[in-house]
Amino acid sequence: MRKIRFVKDKTVRHFMLGIGVFTILFLLVIGFSLFFKALPIMKEKSLWVLLTSANWRPFKGDFGFLPYIISTVYVSLIAIIIALPLSILTSIFLNSYASRGIRRLFGPVVDLLSGIPPVIYGVWGTITIVPLISNKIAPGFVEFSTGYTVLAGGIVLAIMIIPLLISILVEVFRAIPKEITDASLSMGATRWQTVKKVILRKSFPGIIAATVLALSRAFGETMAVLMVCGNIAQIPHSFFDACYPLPALIANNYGEMLSMPGYESALMFAAFLLFIIVVLFNGLSRFTLNQIEKKYQFS
Amino acid sequence: MKYLEERIFKIIMIGAAMIIMGVLVYIIGTVFYKGLPSLTWEMITKIPGGGFYLGKEGGVLNAIAGSIFLITGALFISMIISVPLVMYINFYLPARSVFSSIIRFSLDILFGVPSIVYGAFGFALMVYMGIKASLLGGIITVAMLIMPIMMRSLDEVTRLLPRDLPDALLSLGSTKYEMSKVLLRQLMPGIVTAILLAVGRGIGDAATVLFTAGYTDNIPTSFGQPAATLPLSIFFQLGSPVAEVQNRAYASAVILTVIILILSFSARYFSSKFLKNRS
């Protein structure tokens, strides 16, 4: 009877170990299978041409990803520029100013913002942001804009990454030892001076890590961006041009991709590119954040 | 001077927080305002009839049912993997083992992988295994998407368990497997929270199922059939030039938003319950 218990324990332990190894390998499996799917196109064209050519004519076998890459970068940068100040200010407010009640009220707000599906953001974007840009904002700058623009994508994305930013930043700010801020406050500094001179400086690596993480989330966001960006394969010249980010490219063309030989491989190349960038960014920032957390826990 | 600065920045910060709250209210408000007038009983109880996409009768039951089937399957798969794994890294491995930190690190990265990449990978996998766009394909892909989410929240609640509880069990002579079973019961509200979070994320994601689950007007009856999903249904209806169909897209968006609201609030409820038990 006793033996069975231990056999059970051992079996379960091996099973669990197997799952653990599988999870670690899973990342590699995704990477390699996307890589092999993308291999045909990489053999045909040099990596340099794929990344820097703006020539996108799948029917003729021209696959230049530059418009998509630039679109992705623009949209994500706008999103960060809008979201970062808002998130930093809000997190500082929650961390050093707000009462417990307000902090508790903000929990569900962040939860819901991160819980709302991309499609809903897309619907909201097309109902509100797109007409706003087309009717109100764009006429001040350019002749005509449909509203389905880089700017619309950036704004919608900004709202989508805010919850991620806030939840990480709050942790980062909380990791600053209370003694340091107390020391500053007791020297007669106001709260804001403490924030400016102590908290923001101390948490600089954390803020950078959070930004990189949010940026990588923005790179990969598909549905919402697809619905508000206009999806025209061009290099956008202003905020009021339509653009076509990489994830939208993949999502929009899945139907046709089997009918043309090079096409599937090209789209898989896009997915591979996205995967590599996101994994790199995530890895770096997670590493930094873990480091911060460790310092906080054992100090 | 410094007090003036203090004041100004405090106002700016409150402003930022208000903007974020305002946007949330604005989003939910807009969706409800646009969608509620077109939301009828028929929408949630009927599958698309003939001429549905021209604005005639029918509802989106196909998508609701498809989404539910899909998420149930995906949840099942991801539970089988994530629950034992969390038990393993928290109870079996020593507290600061390298292996468990590698697992956590790779899960963190998997968590950040965009859903469209999972979609593309799932599609590649299905082509390799010879599965067509179907309920099964969708389930596998969504399971990949929600697995890291479940893992993370499970891991978080498990780490909150009082340290002496496992020690007490072990000192009574239980094996680690028996210990895990007991602790699992203790963790129940936390597990429910993790499930609700994962379901919320999985049910709202469109990019993963776009390639893998296909789309159909019927309710799928087997794993091999394609399945419609709510987010895709919204997306396709919104793309229609017919105003009535677009209105229905807004109504479907209300349905999805309500589902998400319910999931999110009950997740919060269960997690607060868990925290209450702890102290």
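Comparing A:185, A:50, A:94 in a Gaussian network model of chain A (Cα springs below 10 Å), the most mobile by mean-square fluctuation is A:185. Hey, what did segment B:27-105 get for relative contact order, percent, Cα under 8 Å, at least 6 apart? Relative contact order of segment B:27-105: 16 percent. Ellipsoid semi-axes for segment B:213-259, based on the Cα gyration tensor and the rule √(5λ), read 22, 13, 7 Å when sorted largest first. Taking every C-alpha pair closer than 8 Å and separated by at least 6 residues, the mean separation divided by the residue count of segment A:51-297 gives a relative contact order of 29 percent. A simple spin-label model places the labels of residue A:232 and residue A:3 7.7 nm from each other, with each point 7 Å out along Cα-to-Cβ. From the square roots a ≥ b ≥ c of the eigenvalues of the alpha-carbon gyration tensor of segment A:93-234, which class results: rounded (a/c under 1.5), prolate (a/b over b/c), or oblate? It is prolate, given that a/c is not under 1.5 and a/b is the larger ratio. In terms of overall dimensions, the C-alpha atoms belonging to segment A:169-299 reach 70, 35, 19 Å along their principal axes, ordered largest to smallest.
Kirkwood analysis of segment A:120-178, using all unique Cα-Cα pairs, places the hydrodynamic radius at 13.2 Å. Gyration tensor analysis over the Cα atoms of segment B:100-194 returns equivalent ellipsoid semi-axes of 35, 14, 12 Å (largest first, whole Å). State the Cα centre-to-centre distance between segment A:72-134 and segment B:14-30 in whole Å. Here the two parts' Cα centres lie 8 Å apart. Normalising by residue count, chain B has a Cα convex hull of 195 Å³ per residue.
Working from Cα pairs under 8 Å separated by at least six residues, relative contact order for chain B is 29 percent. Take each residue in A:157-165, count the other chain C-beta atoms within 10 Å of its C-beta, and the mean is 2. The alpha-carbon of residue B:34 sits under 17 angstrom from the alpha-carbons of these aspartates and glutamates, leaving out residues fewer than 8 places away in its chain: B:244. The order of the peptides B:250-258, A:223-231 by mean Cβ neighbours within 10 Å, most packed first, is A:223-231, B:250-258. Once Rg and the Kirkwood radius are both taken over the C-alpha atoms of the protein assembly as shown, their ratio Rg/Rh works out to 0.97.
Comparing A:108, A:40, A:205 in a Gaussian network model of chain A, where Cα atoms under 10 Å apart are tied by springs, the biggest mean-square fluctuation is seen for A:108. Counting only lysines at least 8 places from residue A:10 when in the same chain, those with an alpha carbon closer than 16 Å to its own are B:176, B:181. Mind checking which lysines have their Cα closer than 18 Å to the Cα of residue B:2? Skip sequence neighbours fewer than 8 apart in that chain. Of all the lysines, those that pass the test against residue B:2 - Cα under 18 Å, at least 8 places apart if same chain - are A:196, A:197, B:10. Here is what passes the span test in chain B: the DSSP H helices with alpha carbon length of 27 Å or more along the helix axis and a Kyte-Doolittle mean of 0.0 or above are B:2-35, B:61-87, B:135-159, B:243-278.
In segment B:104-260, one over the average inverse separation of all distinct C-alpha pairs is 18.0 Å, which is the Kirkwood hydrodynamic radius.
For the options B:147, B:13, B:87, a Gaussian network treatment of chain B with springs between C-alpha atoms closer than 10 Å singles out B:13 as fluctuating the most. Take each residue of peptide A:86-95, count the partner chain Cβ atoms within 10 Å of its Cβ, and average: the result is 5.
Mean partner shielding of peptide B:256-265, defined as the number of other chain Cβ atoms within 10 Å of each residue Cβ, is 4. Based on DSSP H segments of at least four residues, each scored -39500 (n - 2.57), chain B has a per-residue ellipticity at 222 nm of -25000 deg cm²/dmol.
Estimated from helical segments only, the mean residue ellipticity of chain A at 222 nm is -23000 deg cm²/dmol, where each DSSP H run of four or more residues counts as -39500 (n - 2.57).
The calculated Kirkwood hydrodynamic radius for segment B:1-90 is 18.3 Å, given to one decimal from all distinct C-alpha pairs.
Take the Cα radius of gyration of chain A and divide it by 2.2 N^0.38 Å, N being the number of residues; the result is 1.22. Taking amide H positions as modeled 1.01 Å from N, with prolines and chain starts lacking one, the residues under 5 Å from residue A:62 and 5 or more places away or on another chain are A:57.
Of A:192, A:124, the sequence from fewest to most neighbouring Cβ atoms within 10 angstrom is A:192, A:124. Sorting B:6, A:264, A:221 by the number of Cβ atoms found within 10 Å of their own Cβ, with the fewest placed first, yields B:6, A:264, A:221. Model label points for residue B:77 and residue B:168, set 7 angstrom from Cα along the Cα-to-Cβ axis, are 3.9 nm apart.
All of the numbers you see were taken from the coordinates with simple rules; none came from a lab. Bear in mind that the values here come from a model prediction, so they are computed numbers and not experimental data. Ideal geometry is used to build each Cβ from the backbone, glycine not excepted, and the neighbour counts take in all protein chains shown.
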